[in-house]
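We did not get these values from a lab; they are worked out from the coordinates using the rules stated. Just so it is clear, the structure is predicted and the values come from calculations on it, not from any experiment. Cβ: placed from backbone, ideal geometry, glycine included. Neighbour counts: every protein chain shown.
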Amino acid sequence: MNSIKNIKNIVRLLSLVTFISSCSEEDFLDRYPLDRPNSENFFVGAESARAAVNACYDPWHRGNANMLYRDLTIHLDALTDDSYWRPVRAASVALEQWNINPTHENVSSWWRYPYECINAANYALANIPNSTDESFTAEQQAPYLGEAAFYRAYSYQFLTLLYGDIPLYLELADSYEDFHLPRTSKEKVLEQVIADFTFATENLKETPIYPGAPSKPVAAAMLAKAYLIVEDWANAETAAREAIEIAEGAGKHLMDDFEAIWALENEGDSNPELLWYWGFVENDQYHGGNHAVQRLCRDLPSTLKTAIDGDGWGYALPQRDLYDAFEEGDPRRKYTIFAPGDDYKVYPGEDFAYTHQRLDENGDTLRWDVVYSAGDMVEYDYRWSPSGMNVRKMTRTVINLANVRWSGQDVPVMRMSELYLILAEALAEQGNTEAYTWVNKVRARPSVDMAPINSGDLVEVVRHERRVELAFEGLRLFDLIRWGEIENVFGDGMKVKRHFYSDFMPNNSLLKYDQPIGRLNLDPLFPLPQEEIDNNLNINSNNPGW
């Protein structure tokens, strides 16, 4: 492998030497015409600073199909005990099964695009202070620098949780060797994450300077979460209290109606619960997203499907293990999951006859006929999904879209409820029973109204609340990683129930249990991409076990 790498790099070096030697000194110095944008004349004022920081957003937003505009959140959930990926598309099925290797496309994409974001952030941080417009003062530059530092921290935190020790790029490359940094320990990288989130908190404004941009409240919240990752409970508590004060001072609070958090009319910076989200635009070819169609029910009878939702792909599917995690009577289960016997949606079409099917408590099949007329509520049928359930949370019809891939469904990253649970976790890990107060604040949301919890294992109480409150928001995997619980969660492969009717299925059914075939005891869990090992002169081996 090293010989291949050396040959590749010799070829690149020879190409570079050939290019330089073939140019006259004058040609070389004039390679950036002064009448075109370049690093010497691009940075003028706020407009160019905005453009530079926006470059941090794009790799996450539209890097490729494995990123946010399509599969990222759904793939992250499918790696956990919460969710199941519909068994289509080989790479996604392999990922869901943890059947990955250094050349798997997600392993490569989830490395490449965060580093593209980091590169853009470094470029912005290095050059915005050199803007040529003297009226664009240091005070005016500060929010843009804070935003770039935020994106860099967000990207490095994502990378370390999956890949462990990674190259830490903080400066722009001045030489060929600068592109080939060795790995830095996860601990050192997370120190930089904390430094960047601290800088972002100090420099961002209380409200976003651009729609969808991170602001001071979310930077403060992410700082508190970074302290949780490094298990610095005292600083996590302090940072979370400060973040809550900042967020509430900026007008942020829990919404009374849990379902309304995701409503189209409540999207954007005006949503009082969302501290930060990745924004998408309805019916827009370049800024739309696939989230709605990915989650919508796929296997309804065509008459119901066409009339109610439009085309649904149903790739993201709940597992029975998540369904059972909700306490009996917790309305968030119905807000989150469609399960057999639930009200589905109102039928708006012509009369339609259908034969429903369900299993009783003994596993025997029950069937009954119904005719749906316009205005009738349709009952959910387990045959409409490979897991017997569908996602309800964060879904919407795609009938109105010119293309079902162009939904404007925003992707939440941090909500006030999570911030309260970050403080609860920091307290619980210190044995402080005030943790119950913050858990109960989330449970007391009027549309949830669950009885307060005042006893039990503090840590487990918080972890349970995170799971049911934040389901399908792409957070469960990173929670399990930082808690060291991935292997324990899946156990011997007969622990996580998959299908709603798992109890009635034979043990050899692929729908009975979620049975990853990868090695979930590895730390870190992911290998470095093979292309990084092939190309980086200072990385010659992969993570242990790979």
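Please work out the Kirkwood hydrodynamic radius for segment 226-265, using every pair of different C-alpha atoms, and report it in angstroms with one decimal place. Walk me through the intermediate numbers first.
Working: mean 1/r = 0.0828 Å⁻¹.
Across segment 226-265, the inverse of the average 1/r is 12.1 Å.
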Checklist entry - For Glu531 and Thr103 in the same chain, what is the full-extension length gain: residue separation times 0.36 nm, less their Cα-Cα distance, in nm? => result 153.3 nm
Checklist outcome for this item: Stokes-Einstein, Kirkwood over Cα pairs, the chain, 37 °C, 0.692 mPa s; D in µm²/s equals 130
Item to check | Peptide ranges 379-391, 246-258, 72-84 listed from the most packed, as the mean C-beta count within 10 angstrom indicates | outcome: 72-84, 379-391, 246-258
Item to check | For segment 291-395: rounded, prolate or oblate by the Cα gyration tensor [a/c cutoff 1.5] | outcome: oblate
Next on the checklist: For segment 287-315 and segment 244-261, what is the centre-to-centre distance using only Cα atoms, to the nearest Å?
Outcome noted: 30
Checklist entry - Short version: ³J(HN,Hα) in whole Hz for each residue of segment 379-395, in order, from phi by Karplus 6.51 cos²θ - 1.76 cosθ + 1.60 (θ = phi - 60°), x for Gly and Pro, what are they? => result 8, 6, 10, 4, 6, 8, 7, x, 9, x, 9, 9, 6, 9, 5, 6, 10
Checklist entry - Which whole-Hz couplings ³J(HN,Hα) result when phi for each residue of segment 366-372 is put into the Karplus expression 6.51 cos²θ - 1.76 cosθ + 1.60, θ = phi - 60°, listed in order with x for Gly and Pro? => result 10, 10, 7, 9, 9, 10, 8
Next on the checklist: Could you work out the relative contact order of segment 291-395? I mean the mean sequence separation of Cα pairs under 8 Å and 6+ apart, divided by the number of residues, in percent.
Outcome noted: 36
Checklist entry - Considering only Ile308, Gly363, Gly279, whose Cα is most displaced toward the positive end of the charge dipole of segment 262-412, charges sitting on Cβ of Lys, Arg (+1) and Asp, Glu (-1)? => result Gly279
Item to check | Between segment 392-425 and segment 65-107, the Cα center-to-center distance that results, in Å | outcome: 19
Item to check | Contour excess over end-to-end distance, with Cα ends at Glu171 and Asp256 and 0.36 nm allotted per residue | outcome: 26.1 nm
Next on the checklist: With +1 assigned to the C-beta of every Lys and Arg and -1 to the C-beta of every Asp and Glu, and no other charges, what is the dipole magnitude of segment 92-174 about the Cα centre in debye, to the nearest 20?
Outcome noted: 260
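Suppose R0 equals 41 Å. What FRET efficiency, 1/(1 + (r/R0)^6) with r the Cβ-Cβ distance, do Gln515 and Lys205 give to the nearest 0.05?
Values: r = 48 Å, r/R0 = 1.18.
My answer for the efficiency is 0.25.
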Checklist outcome for this item: Distance in nm between Arg50 and Tyr286 label points, each 7 Å along Cα→Cβ, equals 1.5
Checklist entry - Extent of segment 157-279 along each principal axis, from alpha carbon coordinates, in Å, largest to smallest? => result 52, 32, 26
Item to check | In sequence order, calculated HN-Hα J values of segment 396-409 (Karplus, 6.51, -1.76, 1.60; Hz; x Gly/Pro) | outcome: 7, 4, 10, 4, 7, 8, 5, 9, 4, 7, 10, 6, x, 4
Item to check | Alpha-carbon centroid distance for the pair segment 176-209 / segment 347-361, whole angstrom | outcome: 54
